[in-house]
Amino acid sequence: QVQLVESGGGLVQSGGSLRLSCAASGTFFTIYAMGWYRQVPGQSRELVAGLTSAGIIESGDSLKGRFTISNGDTKDTVILQIDSLKPEDTGVYYCKARAGSAPGKIAEDYWGRGTQVTVSP
């Protein structure tokens, strides 16, 4: 099992920046990838950015440029830097990890509870 804890959300003015952090803990063999998704009001959850253990980055098609994903300073932590925030970025940002419980076991996806990002005009 993997537990994910997100932090760093909050209220920010348009044009500002936020740094979201997600830390994984629990009992698992390895984490293959971690990423960030978001759900803005009235829309389905969408990929913001993902980062594999091999360093491959995947970005949401409409979200490139202002969102930067990177590994955190501690193991099994991923950071999402969001710059030039816009009111339409308001929503809940979720961390996801794909992890395996043992060698050869099929990896499973785990989700955090989300952190609220609110951008004022």
| Mean Cα-pair separation over length for region 8-98, i.e. relative contact order, pairs under 8 Å, 6 or more apart, % | 39
| Could you give the accessible area per residue of the chain, probe 1.4 Å, as a whole number in Å²? | 55
| request: Determine which lysines satisfy two conditions relative to Lys64: a Cα distance under 30 Å, and not lying fewer than 8 residues away in the same chain. | output: Lys75, Lys86, Lys96
| Where the Cα pairs of region 43-121 fall when distances are cut into 5 Å bins, in % | 3, 12, 21, 26, 19, 11, 5, 2, 1, 0
| task | Pop out the carbon and sulfur fraction of the accessible area of the chain as a percent, whole number, probe 1.4 Å. | result | 49
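Share of antiparallel DSSP beta bridges in the chain, in percent to the nearest 5?
Values: 42 of 46 bridges.
Around 90 percent of the beta bridges assigned by DSSP in the chain are antiparallel ones.
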| request: Two decimals is fine: what is log10 I(q)/I(0) at q = 0.12, 0.14 Å⁻¹ for region 1-92, from a Debye sum with one equal scatterer on every Cα and no solvent? | output: -0.37, -0.51
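Return the tail of the calculated pair distribution for region 78-118, meaning the percent of Cα-Cα pairs more than 13 Å apart. Provide the component values of the computation, followed by the final result.
Numbers: 532 of 820 pairs.
When all Cα pairs of region 78-118 are counted, 65 percent exceed 13 Å.
The values are calculated or read from the model by the stated rules, or taken from the named source; none is laboratory data. As the structure is a computational prediction, the values presented were derived from the model and not from experiment. We work out accessible area using only protein heavy atoms, side chains counted, and drop any ligands, DNA or RNA first. Shrake-Rupley method; radii C 1.70, N 1.55, O 1.52, S 1.80 Å.
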